[in-house]
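See structure below.
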Amino acid sequence: MSWRLVEAAEAQAARDGHVQLYYWVGTDNGRAIGFAINFGFRSTDDRRPANSSDAEFGEEQIALVLWLEPDTTVAPNPTSRKAGTRVGPAR
């Protein structure tokens, strides 16, 4: 039911006036990255050192972004219930 948590965060961010939602995940966590991408998140170039107490030295996290405003120029992901999303974070 992880998708329900993401949908709730997405709805709250939209109500608060945000246009994108970021998700930081360990670069070695393929399952979480796959979940986020299937939900509609897109990978960014933003990285930071992992900050959990059980992280190994040198481990990284990557930011994934979900645009909350659909981009009609992008075809929707056929495996997702979400509309197409823009690629990359707004700078």
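Bear in mind that the values in this text are calculations on the coordinates, not laboratory data. Note that the structure is a prediction, hence the values are computed from the model and not measured. We place every Cβ from the backbone using ideal geometry, glycine too, and count neighbours over all the protein chains shown.
A few points about this structure:
- Whether segment 5-54 is rounded, prolate or oblate, judged on the alpha carbon gyration tensor where a/c under 1.5 counts as rounded: prolate
- Placed amide H near GLU59: partners under 5 Å, 5+ positions off or other chain: ALA50
- Gain in span if fully extended, LEU5 to GLU60, counting 0.36 nm per residue against the direct Cα distance: 17.4 nm
- Net charge of Cβ neighbours under 14 Å - reference GLY17; Lys, Arg +1; Asp, Glu -1: -2
- Highest average packing first - 13-20, 62-69, Cβ atoms within 10 Å: 62-69, 13-20
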